[in-house]
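Below is one structure, written out as structure tokens; comments come after it.
Any read-out appearing in this document is the output of simple, stated calculations on the displayed coordinates, not a laboratory observation. For clarity, every value in this text was computed on a predicted model and none was experimentally measured. Glycine gets a Cβ as well: all are built from the backbone with ideal geometry, and neighbour counts include every protein chain shown.
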């Protein structure tokens, strides 16, 4: 990882992690529910989405502190989706990040309810923590659009059905993975109160970064049997073609925010990090 980017990520995470640990209504939850939710929320995630939210806010002149509620809400939504994705009715995974998945560590019912609680708490956090009622309204709409049937949930349904061709695969990934990543970036811009043109550029950046993230995931998993996995880009394209797609989406992301000026340098470095990541 680029040393300048690593320093920036460490800086924003130093503010984000304590905020996330203290901001929730954990004390009012049943002990087992709180334990299961915290087990997953603090289970070693990379914090890609909250980092993007905070860095985007700063890149367009906002304050990191103002974007913290949004960043925490996004990470709660992401974590809830992983808990539910791991369930036997979905991907049926026994491990995540080297640890038992939530339903294996606890039980299926507790895992479902922990996901439900995190989903609900994300919206409660926005209502409590937004700097103003207008921000709360914008963040709520943005998060609902990204996480609901037209976004992440809809993409999960398409994932279960399986991609018929490259176009349907791209549509599915733009919803399942890309929508929340794009929303993370845009929500950071919302916290800074920037004009619509800048928000549109942040949205294009985030959307391209979301596809890039999934393309690089598939390249990292190239050793799997892509011939049997219709939801991998490698099922529909050659390795060289997928690598070219990776580079094209990286260019689109960087070009989207170039007019916003030099303050977006960290976001550009983030593109390179995602494109060349090894884990």
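Can you figure out the FRET efficiency of residue 145 with residue 240, using R₀ = 41 Å and their beta-carbon distance, to the nearest 0.05?
0.70
Can I get the semi-axes of the chain's equivalent ellipsoid? Compute them from the C-alpha gyration tensor as square roots of 5 times the eigenvalues, in angstrom, largest first.
Computed over the chain, the values are 27, 26, 17 Å.
Compute the separation of the alpha-carbon centres of segment 1-36 and segment 96-110 and state it in Å as a whole number.
Result: 20 Å between the Cα centres.
Can you order the peptides 183-189, 42-48, 69-75 by their average number of other Cβ atoms within 10 Å per residue, highest first?
183-189, 69-75, 42-48
Among 198-208, 25-35, what's the highest-first ranking by average C-beta atoms within 10 angstrom per residue?
198-208, 25-35
So what is the calculated 222 nm ellipticity per residue for the chain, using -39500 (n - 2.57) for each DSSP H run with n of 4 or more, over all residues, to the nearest 500 deg cm²/dmol?
-23000 deg cm²/dmol
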